[in-house]
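Here the structure is laid out as structure tokens; the discussion comes afterwards.
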Amino acid sequence: MKRMHRIFRNENFTKLFIGRLFANAGDSFYMIGAMWMVYNLGGSTFYTGLAGFLTSMPRIIQFLYGPFIDRWPLRHMLVSTQLTQAVLLLIVPFGYAYGFLSITFILILMPIISMLNQFMYPAEMAALPKVLPREQLTMGNMLFTAANQGSDAAFNALGGVLIGAIGVSSLFLINSGLFFITAFVFSMLTVATASTTNESKTNPKQNQLQLKQVMKQYGRELTDGIKMLMQPSIMRLLAGILVINFAGGALMAILPAFGSSPEQYGLLMTSMAVGGILGTVLAPALRIEHKKLGLLFIVAFLVCGLLWILCSQATSPWLAVILFGIGWLPGGVTNVAAAVFVQTVVPEAYMGRVMAAISSFSGLAMPLGFLLGGALGTYWGSSSMMLLCGLLVSLVSILWLIDPMTRRMPSLHNWDKNMLSQQVTS
């Protein structure tokens, strides 16, 4: 408790944390409302799969935003993205009132809002090392992830209830208001901009460079961020995450059908968030920085896959909710481990681009998972698709276990902190 009290005495961290809470509440309402609206208008998992495909596509090119995240003023970027989302979401109730709301319109709006979201997460995670000392990073990441999962837990369930009580169109009005509040909170940040915290400080004439020189530097910075991930052990881990995210995309595509009602769908989404937050809270207690990184991922996702398999066969709706939620607990642990890993070994000047590159690479297969999961779900059914997703995740863990390079990855505490920097300069 003393450590938590001390970290909240940091005003910038507190503002980032509160902003994260409101933003994730808005994201929860948005995702619940949009996916249910698409499923209701289309009447098939094909349309939820298509919606998920379009929504997750912007994540693939998130690595292109990395150099901008490292250079743009953090406060301006966070405020402008939140305000734009708030305004766009107001179009939904307006369209409903005037009769031009359609599934095509929603499918166009969803990827636009998703693209704006791609700036926020890596920008916030890159900001943490700027506002917290290194010894507080594990606690800071735990609290950030807990804020994410905790707001999801509360507002996913509430979103399902509100859809039934006031309608999905009214839910979007509340959603828009949450993003306006988020923008206001972020407007009070006083975090130093990238131009005063990294190597660009030594070159005050950067903004006067000709377009060709600016693009050349952008390309170099973009390449540097990608090169930091090219170590064989990290690439093998990311390759497995690619398959896991494919399964996760397919799972999310069929979840509205698996839930069968907005309330049950909301409960499933809530259990996912609760499982995730329990994992993040456990991460510091497990001392993840002293656990071998490869073995941590192997055990975590083997447990996840097996629980998804059991969930697919559950005959009780409440048992399905419980199993599904526990299945996301290991993911909460690995999310904190991955964030602390990057923030520990990556130089601050590269933080934004590396975070964005990881997010882009790990999300490559998710759009395909959404699309194929939704399409196949119309033929095989939602339970069969959940079973297949669980089998895929379990298979990845087994392959990691067989691979000696992944199995022997050192702990975060013992990682050679010069490895990634050498990878860029070589």
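The values are calculated or read from the model by the stated rules, or taken from the named source; none is laboratory data. All of these numbers come straight from a predicted model, not from anything done at the bench. Glycine gets a Cβ as well: all are built from the backbone with ideal geometry, and neighbour counts include every protein chain shown.
What number of residues within the stretch 317-362 are modelled with pLDDT of 80 or more and among the hydroxyl-bearing types (Ser, Thr, Tyr)? The total comes to 1. One residue stands out among those in the stretch 289-305 that are out of contact with any Ser or Thr (no Cβ under 6 Å at 6 or more places or on another chain) and surrounded by fewer than 24 Cβ atoms within 10 Å (Cβ to Cβ): the one that is nearest to GLN136 (Cα to Cα), which is GLU289. Residue check: is SER383 surrounded by 20 or more Cβ atoms within 10 Å (Cβ to Cβ), at negative phi and modelled with pLDDT of 90 or more? Here the answer is no, as SER383 does not meet what is asked. When the stretch 306-329 is limited to residues that are among the aromatic types (Phe, Trp, Tyr) and more than 30 Å from LEU137 (Cα to Cα), the one that is surrounded by the fewest Cβ atoms within 10 Å (Cβ to Cβ) turns out to be TRP318.
Would you pick out the residues in the stretch 81-94 that are assigned to a helix (DSSP H, G or I), farther than 18 Å from TRP36 by Cβ and either among the β-branched types (Val, Ile, Thr) or touching a Leu at 6+ places or on another chain (Cβ under 9 Å) (or both)? If the condition is that a residue be assigned to a helix (DSSP H, G or I), farther than 18 Å from TRP36 by Cβ and either among the β-branched types (Val, Ile, Thr) or touching a Leu at 6+ places or on another chain (Cβ under 9 Å) (or both), then THR81, GLN82, THR84, GLN85, ALA86, VAL87, LEU88, PHE94 are the ones that fit. Scoring ARG3 on the criteria (1) at pLDDT 75 or above; (2) of a type in the set (D, E, K, R); (3) assigned to a helix (DSSP H, G or I); (4) surrounded by fewer than 20 Cβ atoms within 10 Å (Cβ to Cβ) leaves a single failure, condition (1).
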